[in-house]
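This report refers to the structure that appears directly beneath it.
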Amino acid sequence: MVVYVSADGNYSAITTVDGSRFVVTLQLGQIEKRIARLLDENDNRFIRIGKSLIVNRDFIAFINPARQKMVLSDCRSFRHEVSASKEALRALKELLEKEV
Amino acid sequence: MDDKRYDINDDEIRVIAPGSNDSTPHQKGKGRKAPVILLSSLGLLILGGLVWLIIISNSPGEPSPTQSIPPSQTITPKASESNSLPAELDAFCKVVDTTINNSALKIFIPRFATPVLEIGKGVPNDSSIVLAAMAADVRGDNGEIAGAYVLKGNLISKGQAKAGFCSIINGEISIGVAEATPMLEQALETEGYFFRQYPLVVGGQIVENKPKGKALRKALAEYDGATCIIASLDRLSFLDFARTLVDLGVKNAIYLPGGDSPVIFMDNEGDRSVLGNLRSSDYENVNYIIWR
């Protein structure tokens with residue numbers, strides 16, 4: 001299962017729950033399109049954050065807009081810290097809080 | 001061209017919606033596009049130059065029918081509301097709950113309200129209060145206010161017990177740290193207000209203080225372009241509270257009496273609530289910063 005996808009120039013790096021990291025020759029926008037195509041109806045777990053990140057909301061453990069950090073974790077076996085803009089993280093936090 | 005729908009700025013987020021790819025057969029955007037193109041072609045054939053004129057007269061910012069429903073929702077951050085808003089709007093207190101570093105915080109943001117200082121045990125009973133919290137500390141030995149205190153241009157107390165200060169000059173709040181500050185003189189000259197407290201955050205940096213114990217903490221803070229009161233719902237040391245405020249994004253903050261000292265606030269429905277205990281102080285000189 002995908003935890004997050006980060007942009008790496010013209011490539012994208014996909015990180016999965018088992019800690020594997022795959023670099024693919026697709027831009028993040030292309031990955032986004034593929035995800036959209038594969039998703040089931042009502043499946044909205046993936047969120048594009050800015051130009052460089054797609055995250056699986058199921059693994060968002062902590063968001064710190066001031067420090068521009070977000071922790072993605074299953075609270076058991078892995079913990080990834082990713083960065084995004086303060087504004088995007090604030091918007092993300094607001095979105096998730098609204099949905100609680 | 002449809003790839004523009006996948007454009008995103010670094011300050012935006014977008015929930016990826018299923019089936020929103022332009023290559024998927026059930027995509028909303030594509031389904032609407034075909035008839036639009038067909039109608040446009042017919043229109044061009046029938047009306048010729050007239051349609052051309054209509055197309056030319058379309059304003060550049062107007063969205064085309066094919067762009068009317070985006071494939072996914074893009075959320076841009078909201079511009080922060082300003083404190084300097086029209087006076088005719090009803091004042092209220094916006095309350096935001098958040099968690100930083102596993103510490104729960106309540107942020108009280110006054111809207112359309114003007115701050116003053118007031119002294120007296122009866123102050124919390126005033127029904128016109130939009131937001132109020134205790135301001136300067138009162139000394140346990142003589143019941144006097146600790147540090148310099150100016151009430152409507154009158155010097156009530158002298159001294160510099162703490163380096164942090166808050167001044168209210170012509171309704172404008174300033175928070176800072178200085179052993180000597182011209183804001184004290186200005187408050188005296190302009191019928192303003194001034195009090196001292198422990199500094200917590202200056203220019204986004206933590207200020208270390210001597211008290212080390214843990215308690216429920218409160219602060220007067222500059223956050224997101226507004227002056228507000230922030231209360232911790234967990235017992236924190238001064239240092240942890242200051243760190244939490246910095247992580248929240250606070251630029252400047254001074255301490256306000258903590259523990260069960262009350263924060264009185266009125267929401268936009270006009271409902272009045274209290275966080276803490278209204279009877280937490282018996283001193284005659286108990287004093288409050290109040291927004292009305």
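Each value in this text was obtained by applying a stated rule to the coordinates, not by laboratory testing. Note that this is a predicted model, so its numbers are computed, not measured. Cβ sites come from the backbone with ideal geometry, for glycine too, and all protein chains shown count toward neighbours.
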(request) Run through all the Cα pairs of segment A:2-99 and give the fraction in each 10 Å bin from 0, expressed as whole percent. (result) 15, 49, 33, 2
(message) For Cα pairs less than 8 Å apart in space and 6+ apart in sequence, what is the mean separation divided by the residue count of segment A:2-99, i.e. the relative contact order in percent?
(response) 20
(message) I'm checking a number: the convex hull volume of the Cα atoms of segment B:92-291, normalised per residue, in Å³. What is it?
(response) 108
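Give the order of A:Ile63, A:Ile47 when sorted by the count of other beta carbons within 10 angstrom, beginning with the fewest.
On the way: A:Ile63 19, A:Ile47 23.
By the 10 Å Cβ count, ascending, the order reads A:Ile63, A:Ile47.
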